[in-house]
Structure formats: structure tokens, C-alpha cells
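The values are calculated or read from the model by the stated rules, or taken from the named source; none is laboratory data. These numbers were taken from a predicted model, which means no experiment stands behind them. Glycine gets a Cβ as well: all are built from the backbone with ideal geometry, and neighbour counts include every protein chain shown. For accessibility, only protein heavy atoms count, side chains too; no ligands or nucleic acids. Shrake-Rupley method; radii C 1.70, N 1.55, O 1.52, S 1.80 Å.
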Amino acid sequence: MSDSPKLVRRPEWAALEDHRADQLRPQLRELFAADPGRAERYVVTVGDLRIDYSKHLITDETLALLQELATATGVFGLRDAMFRGEKINVTEDRAVLHTALRAPRDAVIEVDGENVVPQVHAVLDKMAGFANRVRSGEWTGHTGRRIRNVVNIGIGGSDLGPAMAYEALRAFTDRSLTVRFVSNVDGADLHEATHDLDPAETLFIVASKTFTTIETITNATSARTWLLEGLGGDDKAVAKHFVALSTNAGKVSDFGIDTDNMFEFWDWVGGRYSFDSAIGLSLMIAIGPDRFREMLDGFHLVDEHFRTAPAESNAPLLLGLLGVWYGNFHDAQSHAVLPYSHYLSKFTAYLQQLDMESNGKSVDRDGNPVEWQTGPVVWGTPGTNGQHAYYQLIHQGTKLIPADFIGFVNPVAELSDGLKKQHDLLMANFFAQTQALAFGKTPDEVRAEGVPEELVPHKTFKGNHPTTTILARELTPSVLGQLIALYEHKVFVQGAIWNIDSFDQWGVELGKVLAKRVEPALTEGADVPGLDSSTAALVATYRTLRSS
Ligand code: F6P
């Protein structure tokens, strides 16, 4: 039981509240006018990422006060404990060591006195051997045909990471392979992923940390049926067409997958932090082991930055603190992540699990209710699509929505020259949006354009919407790793300040238990005691209308 003062009773918290009250909401127009050096000073560079945070409602004093809050709440001590392999996931009594997954071969990181780095590299080597055999055609299916299709079956952290990264790194993938991701227990997902595939050429990767997740086991069972039906029913086919990624060898074996075909990871890797573990096998097959290693090195670069950079230039710390500033002192409820890259179309969905499953908590690490806001709603889609949909609300609505804009200087190399030219237009939008959000358009500026007076309020942009701009030269495997690690550690910082356990996810359990209880009512018409009247009526309607 911690006896440190509650967050909201800390003097550092009170100082931030006073600062906020003194300042009202600082105006970006004024802040920039008063400080010509602001754009250069409020930039931090990490690896290939140039992170501009000058368009935030902050001054040097705001930053200093936020840093004091970080120090007072023990962010740095908890960070060091995480890197050392201490069991900072208190409710599950587990270490939190996704950073070990990308550590170099000669690193030493101990859990319960054992160096885990050799195990990490042994699995990476096994993955690389397998990926190379699939890519080269040496690994063949049951009938001797080479594998041309890879279907990853997993959900949550066992799906979102590889699915997102596969899209992100499409330009680096072997285009002769079809790689698909099945997650939803809705049979339509598996149907659409397999209906045009030849079972003789299809490899299923069953990805599940626990190997008990009902969606994944159900889909994997159906996939096995599809495969065996397609290949004449010989059970031996499973060994050539199914591999497993899991921490649970017993359950893998119970399912019928030879544990020789299992790639393991460990309980100190959280599901939403797992995609650079064995969970990344589908991605490694798609991009090859060397590119995968480049991605891990990108992660590691940001890990080292987070571990060692001074507070003033520590990017994950700064981003975490900015989120606290808006969420706790400006009542912002959500945070938009807006990548200006079509390849990052699944990036925000990936971050939703990372952030919202980590910091969507309302009790502190000791189990006491928190008296402060915790994680935001994270949302967003790639630019420029969002501009023609919901940006209206960001520009002129009543809500404060801090946003991250992520963009790249160069398009991917394989685009045609004509398509490459579109990149400048994409990026012109990228720069224009953060400018418009920050500085808006005053009524006088609108009037000066000859706009009739009655339309002036409608055409006025009050601006002052805070944004971070993350710019990199191009989207490479390393840059992707850097970006993800940046957000992982940002989430860590916020959880540490809010004193919540960012590494458990008890909030997903109740729905799972209730679904199991309701299912017999749907399938067999069983009487489910204890159903509330609304749910009972819905179930009855479902039974009545169900056609078969
Ligand atoms: O239900 C939530 C969750 O436990 C996530 O945290 C996890 O990423 C996902 O389910 C999948 O779990 P598993 O990898 O064990 O199948």
C-alpha cells in the first residue's frame, strides 16, 4: 500500500491548476508572436523522428511544472524498474519487458535472476529460419506445393500489431505472398479471408498469448476444418499448415499443433506490447528477417532514448505530459492521431488498444478509486480522408481535441513518378491543417475578404487547437519501430503519473464471462437465469427471428 499523497493533493498538481487558472487558455497567435524562437525550441529529435510541439498551449513554465509533476510522481523510478525487469504489473505480479524483445543480442536483462535476452534471440532466430523457409519455398504444404498464402488468426494484441505493420510496410513485403489477418469471431471474417485461397498453399498462424481466447480458438478450429476438407481429411496436414505463437505450450499441444511448430513468448510480454515478439511472425514472413530486425532496432533506439535522455528532451515524456496537461487541466476527453500516410491506415486502431486498454482504468495501483481523469479516447484515420469528414468538429466544434499529425517527407520508392507527385499535395494538406488549427482565422480577416457580416461568425476559425507534428524522412521498418515505441512509452508515462497499472486489462473480463453465459440461450434456447429483462427480451427476439 503506497503512502504517497494522492495525485490531486500533490503541490505540483496544485501548481499546475493555479498556472492553468492564471493563464486561462494561452493563445497560440500570441505565444508565437511573443517568441520568435518558439518553433526551434519546442522541437525534439529522436532517431528519424522530428517532433514539433510548438503548437501546444504551453509556455516554458507549463513545461517546467509538468516536469515537476513527473518527478514527484516517480515516473523515472518506475521507468527504471520496468527496464530492470521488476514486477511493475502489480495486479498480475509480472515484469513488463517488451523492451527486452528488441534488445541487442549481448544485452543482459533479468527476470527472477535469469537473463531473458538469449531466449528472445533464440526465438527470433527460429522465426527467421522459418520465415526464410516459407519465403524461399523450401517449406511446403502437405501436398508438396509451396506456401503462397499466410493467414494470421488472432485478436487484440495478437492481431492489431502485425496487421497494422503489414499495411505500414507493404512496400517492403514479398508481393508474391498473400497475407491476411482474421480476428473477428464473426464467421464472415474467416470466410472472406479464405474463400479464394487454395488450402494446399495456405499457412495458418494461430496467434494467442493465452491460447484460450474464444474468438481465436473458434476461428482456428474452423480454419482446420476448412483445410482438412480441402486436403482430403488427412490430419497429418495440420503439421505443415498450422503454426502457433503463444506462451502456453500445453494448450497449443491440446489444440493439435506440434510444439515444434510453436514460437514462444513469455508472460512478461503484454498482449498489446507483443507484436515485436513471436506475434510478429506473419510480418517477418512478409518483410523478411532483416527488415524485421531493422524494425526492432528502431524500437530499441527509442527505448534507449526514453531510458537515458534528459527530461527536457525526452520525447515520450513530453508527449505524455502534454496529454496530462489537456486531459487533466483542460478537460480534453479525446486525442486524435492523424497519420498522413495511407500505409498507416491501421495505426490509430493499433494505438487504441495500446492506449485505451493500458490506461482505461479508474482505480489506482492500490485499488483505490482515482479522483482524476485517466486515459483519453484515442481515435483518427489517415489524412486527407478525415478532412472531408470530421475535421469540421475539430476546427469549429466546442470540444478541445489535441491531435498528433504524422507525416513523411518522401513517398515510398515504388510509387510511379506520377503518383509520387501527389505526395506534395498530401503534405501541403498536412502542414496546412496544423497551421489552420493553431492560428485559425479572425473575424476581421474574414471581413477583409468581403464576406457578408451575417456569415462572418460561420467563417471564423477561432484556432488555438493544439497539435504535435511528427515528421520523418520516410516510412521504413525502423521508423515504424520508432513510432510505436514512442507511443508505448508515452502511454507508460501517463499511467505512471496517474498511478494506475497500465499493464493489466481486467475490464475485458466481464463481457467474456457474460457472453459464455448467454451463448446457450442463443444456440439451444436454454434458460439463462439472472438475465435482466432488457437482455432477456433481446435474446427472445433473436431466437424468434433466427432463420436456422
Ligand atoms: O481480451 C483482451 C485481451 O486479453 C488482450 O489484452 C489481448 O491482446 C487479446 O485479448 C488477445 O489475447 P490472446 O493473445 O491471449 O489471445
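Would you be so kind as to identify which of Ala526, Ala515, His423 lies farthest towards the positive end of the dipole of the range 401-548, taking Lys and Arg as +1 and Asp and Glu as -1 on Cβ and the Cα centre as origin?
Ala526
Sequence-distant or interchain residues sharing an amide H contact under 5 Å with Ser334, placed H: which?
Correct list: Val377.
Loop only per DSSP, at most 13 neighbouring Cβ atoms within 10 Å: give me the trypsin sites (Lys or Arg not before Pro) in the range 378-450, ordered by residue number.
Here the sparse-neighbourhood loop sites are Lys399.
Ignoring ligands, DNA and RNA, what percent of the 1.4 Å accessible area of the chain is carbon and sulfur?
Carbon and sulfur atoms account for 52 percent of the accessible area of the chain.
Per residue, what accessible area does the range 259-369 have, given a 1.4 Å probe and all protein chains present, in Å²?
Per residue, the range 259-369 has an accessible area of 29 Å².
Quote the relative contact order of the range 228-372 in percent (integer), defining contacts as alpha-carbon pairs under 8 Å separated by 6+ residues.
Value for the range 228-372: 11 percent.
Determine the relative contact order of the range 212-303: mean sequence separation of Cα pairs under 8 Å and six or more apart, normalised by residue count, in whole percent.
17
How large is the charge dipole for the chain, taken about the Cα centre, if only the Cβ atoms of Lys, Arg (+1) and Asp, Glu (-1) carry charge, to the nearest 20 debye?
In debye, rounded to 20, the chain gives about 880.
With only Lys, Arg, Asp and Glu charged, each at its Cβ (+1 for the first two, -1 for the last two), find how big the charge dipole of the range 36-133 is about the Cα centre; round to the nearest 20 debye. Walk me through the numbers before you get to the answer.
Details: 12 positive and 15 negative charges, 88 e Å.
Charge dipole, the range 36-133, about its Cα centre: 420 debye, nearest 20.
Count neighbours as other Cβ atoms within 10 Å of each site's Cβ, and list the GluC sites (Glu not before Pro) in the range 312-396 that are DSSP loop with at most 16 such neighbours.
The qualifying sites are Glu371.
Please list Thr460, Thr71, Thr221 from largest to smallest accessible area, probe radius 1.4 Å, with all protein chains kept in place.
Accessible-area ranking of Thr460, Thr71, Thr221, largest first: Thr71, Thr221, Thr460.
Roughly how far apart, in whole Å, are the Cα centres of the range 24-80 and the range 300-360?
Here the answer is 14 Å between Cα centres.
For Ala244, what residues show an amide H to amide H distance below 5 Å, using hydrogens built from the backbone and excluding near sequence neighbours?
Val206, Met262, Phe263
Calculate one ³J(HN,Hα) per residue across the range 123-135 by plugging θ = phi - 60° into the Karplus curve 6.51 cos²θ - 1.76 cosθ + 1.60, and present them in order as whole Hz with x for glycine and proline.
Listing the rounded values in order: 5, 4, 5, 5, 4, 5, x, 5, 4, 5, 5, 5, 5 Hz.
Could you derive backbone 3J(HN,Hα) for the range 80-89 from the dihedral phi with the Karplus parameters 6.51, -1.76 and 1.60 (θ = phi - 60°), listing whole Hz in sequence and x where the residue is Gly or Pro?
Once rounded to whole Hz, the list reads 5, 5, 4, 5, 7, x, 6, 7, 7, 7.
Ignoring solvent entirely, what values of log10 I(q)/I(0) come out of the Debye formula for the chain at 0.08, 0.11 Å⁻¹ when each Cα is a single scatterer?
-0.59, -1.07
Might you report the magnitude of the Cβ-based charge dipole of the range 205-282 about its Cα centre, with Lys and Arg at +1 and Asp and Glu at -1, to the nearest 20 debye? Mind showing how you got there, number by number?
Details: 6 positive and 10 negative charges, 28 e Å.
Taking the Cα centre of the range 205-282 as origin, the dipole is about 140 debye.
Can you tell me the Rg and Dmax of the range 191-284, counting just the alpha carbons, in angstroms?
13.2, 41
As a quick test, which of the pairs Lys6/Lys462; Lys399/Lys512; Lys346/Lys420; Lys361/Lys441; Lys251/Lys512; Lys346/Lys512 have an alpha carbon distance above 29 angstrom in this structure?
Lys6/Lys462; Lys399/Lys512; Lys361/Lys441
How tilted is helix 11-23 with respect to the longest principal axis of the chain? Cα atoms for both, answer in degrees (0 to 90, nearest 10).
Approximately 60 degrees, to the nearest 10.
Quick one: helix 533-545 against the long Cα principal axis of the chain, what's the angle to the nearest 10°, folded into 0 to 90?
It works out to around 50 degrees.
Could you sort Arg135, Arg517, Arg473 by accessible area so the largest value comes first, with the probe set to 1.4 Å?
So the residues, ranked largest to smallest area, are Arg473, Arg517, Arg135.
Could you work out how far the C-alpha centroid of the range 472-548 sits from that of the range 112-168, in angstrom?
Going from one Cα centre to the other spans 26 Å.
Choose one of Val493, Asn359, Thr469: the residue whose Cα lies farthest towards the positive end of the charge dipole of the chain (beta-carbon charges +1 Lys, Arg; -1 Asp, Glu; about the Cα centre).
Thr469
Which of the listed residues, Leu57, Ala128, Val111, is farthest toward the dipole's positive end in the chain, when Lys, Arg count +1 and Asp, Glu count -1 at the beta-carbon?
Ala128
Pairing the Cα long axis of helix 214-230 with the longest principal axis of the chain, what angle in degrees results, from 0 to 90 and rounded to the nearest 10?
So the helix axis and the longest Cα principal axis differ by about 40 degrees.
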